[in-house]
Structure formats: structure tokens, C-alpha cells
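Comments concern the structure below.
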Amino acid sequence: MNGWRRTGRGTKLRLVGVFDQQEAVLLRGLIGQVRTMLAERVSDVPADELAELTGIPSGHTRPPEDPVLARLLPDFHRDDAELAAMLRAAREPELLDAKTEAADVVLNTCPPEGGRAELTVSQADAWLSALNDVRLALGTTLGVTEDMPDETPDDETLAAHLSVYHWLTFVQDALVQTRATAL
């Protein structure tokens, strides 16, 4: 992946990136893992009789215990636990749907064997959302912070994972820059 470029204009505008096979497999695998985590959260929603009667979806009232999911699905309010629980129950289903849809867009537009990903502007926006979720998930797992040193860690496994995190940052940043010029 050497960045993104624009082709076309108006309704024919596309953002194009080319991924080699290893990059495509890695990206699709990470997106798939996040999507699986989100699906597990959806399937674990407690029964709610009112939601069943009204057809209005209801979500969890408690934040996820898993630190990665907690980072992807933060509290909607921090100062009032009761309000946070009500907001989570009301808004989390919509958030999960949006994150799942964004992941699906990436999985549907990133060629499994590598190659050209050609995105509409709305697909590019979905990619940005999904890339952000993967970066948050990986960053949480790796303990990435703003004040981390720039030096490569001695632990080779950690260094390799940080390289993936930095590559995802590059892909996202390059797409943001190309998307910004598409306005």
C-alpha cells in the first residue's frame, strides 16, 4: 500500500488504494476479529420485554468487561451511572450496527487476495470508521499511549504488532488526506 489516490469527479469520484496479498489478508483478518467481537456483544444482549413489545432495540446497561470492547463502546456519560446505563441501553444497538456495517464495507471492498480497492466517498468514510476501530482495538491490546517512546521495543513480537499499528495509522491517515481533497 503506497497510499490512496483520487480518480474521476462528481458522482464518479473514487478513492483507490492497492494492497498486496499480505496487506489485504492482514487488514481483512483484523477487521473480521473486531466484527466478531461486536457480533458477540450483540448476541449477548439481555432479554428486554419492552423492546420485544415495541420493536425498539435495547442494548446492554453495563459497559463491556473486555478492555478492547470497552474502548470501542465507551460510556455515554461518565458522571452519572444510572444515566450512563440508560443511554447505553438506548444507543449501543445503533452504535454496534454502525460499526458492523463499516466493517462489512471493508470486507466487501478489500480484495481478499490483494489488489485494487476502489471506494466511493461513503465507502471511504466507512473504511475510516472501521480502520479507527481496528486501531483502537490493537492500541488497547498493545497499551499504546500518546507518550510512548518512538524507539522500537526489544520484544520482537511487540515490535511486530506495533509495526502493524503504525501501518494501519498510515493507511488511515493517507485515506483521510485523500478524502479531504475529494470535498
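Any read-out appearing in this document is the output of simple, stated calculations on the displayed coordinates, not a laboratory observation. Since we're looking at a predicted model, the values are computed, not measured. Glycine also receives a Cβ, built like all others from the backbone with ideal geometry; neighbour counts cover every protein chain displayed.
Here LEU162, LEU136, LEU142 are screened, and the one residue that is closer than 30 Å to ARG14 by Cβ, surrounded by 15 or more Cβ atoms within 10 Å (Cβ to Cβ) and either in contact with a strand residue (DSSP E or B) (Cβ under 8 Å, 6 or more places away or on another chain) or aliphatic (A, V, I, L, M) (or both) is LEU136.
Looking across region 9-26, just one residue is assigned to a loop (DSSP other than H, G, I, E, B) and under 18 Å from LEU131 (Cα atoms), and that is ASP20. The number of residues in region 59-83 that are hydrophobic (A, V, I, L, M, F, W, C), over 23 Å from GLY139 (Cβ atoms) and either surrounded by 16 or more Cβ atoms within 10 Å (Cβ to Cβ) or in contact with a strand residue (DSSP E or B) (Cβ under 8 Å, 6 or more places away or on another chain) (or both) comes to 0.
Go over the candidates LEU38, LEU26 one by one and state the one that is surrounded by 15 or more Cβ atoms within 10 Å (Cβ to Cβ), in contact (Cβ under 8 Å) with a residue 60 or more places away in the chain, over 19 Å from VAL171 (Cα atoms) and of a type outside the set (Lys, Arg).
LEU38
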